[in-house]
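Working notes, beginning with the structure itself.
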Amino acid sequence: MSIYEESLKLHIENRGKIEVISKVSVKTAMDLSLAYSPGVAEPCRRIAKNKSDVYKYTAKGNMVAIITDGTAVLGLGDIGPEAALPVMEGKAILFKEFGGVDAFPICLDTTDTEEIIRTCKLLAPT
């Protein structure tokens, strides 16, 4: 089997290459109360009072977005945002494996530079 066939098999079997996994247990009612409601209200209140506390109470300090419009993808050229997603997932893996950074692929359905810039600015709080 060729590397391309093996790669298709890997992508089909796993439905992509990345997933989101909780750092905390949510097996009990208390776990859920601490991680979500009502306990989550307290870090929210603290961040509302001091926006820089977002780095203390969330993953923001170790998280990046990897953004593409799909027009310049790894020597494949302009293949569009949907077709770029497998490459972006791969980049997210590289960030995690080699840098310990959580990365989220975001493929935008626009090639308008101003829209891309605006979208990135709007995503900045995360």
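The values are calculated or read from the model by the stated rules, or taken from the named source; none is laboratory data. Every value quoted in this text rests on a predicted model; they were computed, and no experiment measured them. Cβ: placed from backbone, ideal geometry, glycine included. Neighbour counts: every protein chain shown. Remember, those area values only see protein heavy atoms, side chains included, never the ligands or the DNA or RNA. Shrake-Rupley method; radii C 1.70, N 1.55, O 1.52, S 1.80 Å.
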Some residue of the range 36-44 being open to solvent by less than 60 Å² (accessible area, probe 1.4 Å), at pLDDT 95 or above and acidic (Asp, Glu): no
Subset of the range 49-72 [of a type in the set (A, V, I, L, M), loosely packed, with under 15 Cβ neighbours inside 10 Å and farther than 14 Å from Pro125 by Cα]: Ala72
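Scan the helices (runs of 4 or more DSSP H) fully inside the range 34-126 and keep the ones with 2 or more residues being within 14 Å of the chain's Cα centre (by Cα), closer than 27 Å to Ser22 by Cβ and of a type in the set (A, V, I, L, M, F, W, C). Explain how you work it out, then say what you get.
Working: elements: 41-49, 54-57, 81-99, 113-123.
Hits in the range 34-126: 81-99, 113-123.
Are any residues in the range 88-104 over 12 Å from Met63 (Cβ atoms) and open to solvent by 30 Å² or more (accessible area, probe 1.4 Å), and if so, which ones? Spell out the reasoning first.
Of all residues in the range 88-104, those over 12 Å from Met63 (Cβ atoms) come to 88-91, 93-94, 97-98.
Answer for the range 88-104, where residues must be over 12 Å from Met63 (Cβ atoms) and open to solvent by 30 Å² or more (accessible area, probe 1.4 Å): Lys91, Ile93, Leu94, Glu97, Phe98.
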Residue check for Ala35: in contact (Cβ under 8 Å) with a residue 12 or more places away in the chain and not assigned by the TED database to the domain that holds Cys107: yes
